[in-house]
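What follows is a single structure, written as structure tokens, with notes after it.
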Amino acid sequence: MKIVSLFLTCLTASLLCIDTINGLSIHVVTAPTITAFLLSWPTSFLPNKLREIIGVLLGEAVITICIIDCYCQEFFLTPITPQILSNVLLSDSRESKEFVSAFIDIHALTHWRILMEVLLAVALPLSYLTFSQKRKTIINTQLYRRILIAFLAICFIYEVPSVYRFVQLFRQSGDLKKMEGLIFRHYHEEIPTPLHRFAFAWYSLKQSSQQLTSIKHATFSAQIDSCTHLSPHIVLVIGESYNKHHSTLYGYQLPTTPLQQSRFDGGELYVFSDVVTSWNITSNVFLDLFSVCEYGMPETASAKTLFPMLFRRAGYSVNFFSNQYLLKGFRRGATNQAGHFFLADGEMSDSLFTFRNKKRSKYDMGLVEQVSEFKNRRNQAKFTLDIIHLIGQHFDYALRYPKSEATFSINDYSDRGISKGEKKVVMHYDNATHYNDKVLDSIINVYKQDDVIILFVSDHGEEVYDDMKIHGRLFQEPTAKQAKYEFEIPMWIWCSVSYRCNNPVIIRQIEQSVDKPFMIDGIPQLLLYLAGISSKWNKDCRNVLLPDYQCKKRIIYGSKDYNLLIMP
């Protein structure tokens, strides 16, 4: 019964790919067992010769995927992900040759799991040649059948909930943001076998590729009607994991943002009090932030242009500086496939941006130095839009500021009813926020001599042991408490002296708008207005600075009405 050879081969190959670093569970046995059975059992209905051929080919394909998975775990510390598969598919011949020469050599066989997978690949066809009739008779006993059926039944029953959650990834009808939400809730890890990881990676890439094609079509064909260049220099600063309730600007008891507070007290900083983000996942926020599509519009984001293209059409030099997303930096992680995949596409990136930085910095001040060097090295264009994406207070908080910049100690939290370890986490977060204050002030100093307006907004918030005993983010439908700390975000506008003198109407509009309810997906409308760009996408009712502004339903996490959620 040569089906057993295929079954044992697939099972063994999958078991060799178990990641023991993250602990073990029953899934690591039941999931590979069911998978191996479902792959091998149908071959029993094939004629003998065809069964042998299909069995060997199928087995070798499974082993190949498992070898790739083991290799990624050993050399890149991650199993197969959409990003890894994307990098393989997008590599040109030169990159592929360099990869093979650099990584794939005899040294790989020194890793025992890879060596065992290779031996399996050799043993499989041999097992079909040497499988004896006597062994076939032995394993066909009634007792064997009963034991096998009972074991498989137990495995099937145990895996039903996991299978259901895993299948949900494939039922989002192309809605990559909902898929991303499920990924952050670890639905993609529910069935821990290389074959499932490969299947999801392939499906995820196919979906993002289809959406990218639609976005490209909408973006490349975008045109504007006119542009007055109302604001010659605009800077959009995007923060990261910024809990506004840990900012002095929003009433926090510790002086975490003294420089911003000083500018606010001096009348330079216009702080918006009621701004929320659409997601607590950076990649999802980025598509909402860059697309002119807003919630409530009939078209999806893939049918709308990305706002940097409209600025390019208007003659602006659009420069993107990021301390997280580099064009060649999408190498690791099973997430971040939905919202910012357009930033990983070279053709799209070249169309959206005049310049893009090529290296990250350990701390955000290093990114500010890159921005400053860029301005000093090149003659500034007549009209510019600079987008600066910080790493901000992204976990791990202790890594987001130099130790020499530590301001708060654990003693500052003696009145908090939390453990010493939790106080240490809060301390690191507040120190990162204090350092971020210096970073933002330095950005202002880079541009203060220009006729410039600077808009700062964070992608999302963060839990830091406030009303809930957790830190980080919860990737689930939000509660009112969760909405407060993860979806309420800081936002402010700063204008240089020359800008305030040249644009008194805009200043007055900003002053009258700081308490209006607003959502992050309305940023493109605000930027288009500030630039004086007129196009078919402009909507006065969506522009927070205009008297015609109407706040739409603020839907967070794809389905929850923020206003209804926080109502007492």
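Placing unit charges on the Cβ atoms only, positive for Lys and Arg and negative for Asp and Glu, gives the stretch 406-526 a dipole magnitude near 180 debye about its Cα centre.
Residues 113, 313, sorted by accessible area with the largest first, give 313, 113 [1.4 Å probe; ligands and nucleic acids excluded]. With 18 Å as the limit, the listed pairs 516/553; 216/539; 304/516 have 216/539; 304/516 beyond it between alpha carbons. Solvent-accessible area of the stretch 431-536 (1.4 angstrom probe, protein heavy atoms only): carbon and sulfur portion equals 50 percent. Here the calculated FRET efficiency for residue 265 and residue 220, from their Cβ-Cβ distance with R0 = 41 Å, stands at 0.35, rounded to the nearest 0.05. Take every pair of alpha-carbon atoms less than 8 Å apart whose residues are at least six positions apart; their mean separation over the length of the stretch 194-326 yields a relative contact order of 29 percent. Dimensions of the stretch 394-483 from C-alpha coordinates, computed as largest minus smallest value along each principal axis and given longest first, are 47, 36, 21 Å.
Within the shell defined by Cβ-Cβ distances under 11 Å, the residues around residue 550 carry a net charge of +3, with Lys and Arg each +1 and Asp and Glu each -1. Multiplying the residue separation of residue 210 and residue 369 by 0.36 nm and subtracting their alpha-carbon distance yields 53.5 nm. How large is log10 of I(q)/I(0) for the stretch 508-568 at q = 0.13, 0.18, 0.29 Å⁻¹ when the intensity is taken from the Debye formula with one equal scatterer per alpha-carbon? Evaluating at q = 0.13, 0.18, 0.29 Å⁻¹ gives log10 I(q)/I(0) of -0.39, -0.69, -1.26. In a fully extended conformation the segment linking residue 481 and residue 552 would gain 23.4 nm over its present Cα-Cα distance, using 0.36 nm per residue. In the context of the full set of protein chains, the stretch 408-549 has a per residue accessible area of 36 Å² (1.4 Å probe). Over all pairs of different C-alpha atoms, the stretch 474-554 has a mean inverse distance whose reciprocal, the Kirkwood radius, equals 14.5 Å.
Extending 7 Å from the Cα toward the beta-carbon at both residue 109 and residue 228 defines two label points whose distance is 7.3 nm.
Surface composition of the stretch 193-318: carbon plus sulfur atoms hold 53% of the accessible area, using a 1.4 angstrom probe and ignoring ligands, DNA and RNA. Note on the stretch 482-568: with charges restricted to the Cβ of Lys and Arg (+1) and Asp and Glu (-1), its dipole about the Cα centre is near 160 debye. The residues 312, 377, sorted by heavy-atom accessible surface at 1.4 Å with ligands and nucleic acids left out, run 377, 312 from largest to smallest. Applying 1/(1 + (r/R0)^6) with R0 = 25 Å to the Cβ-Cβ distance of residue 469 and residue 399 gives a FRET efficiency near 0.65. Spacing of the modelled spin labels on residue 498 and residue 157, each 7 Å from Cα toward Cβ, amounts to 7.7 nm.
Ordered by 1.4 Å accessible area with all protein chains kept, 254, 327, 287 run largest first as 327, 254, 287. P(r) for the stretch 435-510, from all Cα pairs and a bin width of 10 Å, is 16, 33, 24, 20, 6 %, short bins first. Estimated at the nearest 10 Å², the accessible area of residue 164 is 140 Å² with a 1.4 Å probe. Cβ-Cβ distance of residue 122 and residue 360, R₀ of 35 Å, FRET efficiency by 1/(1 + (r/R0)^6): the value works out to about 0.25.
Taking Rh as the Kirkwood radius computed over C-alpha pairs, what is the Stokes-Einstein D of the stretch 335-418 at 20 °C in a medium of viscosity 1.002 mPa s, expressed in µm² per second? Result for D is 131 µm²/s.
The values are calculated or read from the model by the stated rules, or taken from the named source; none is laboratory data. Just so we're clear, the structure is a prediction, and the values are computed from it rather than from any experiment. For neighbour counting, all protein chains shown are included, and Cβ atoms are generated from backbone atoms with ideal geometry for every residue, glycine included. The accessibility values were calculated without ligands, DNA or RNA, using every heavy atom of the protein model including side chains. Shrake-Rupley method; radii C 1.70, N 1.55, O 1.52, S 1.80 Å.
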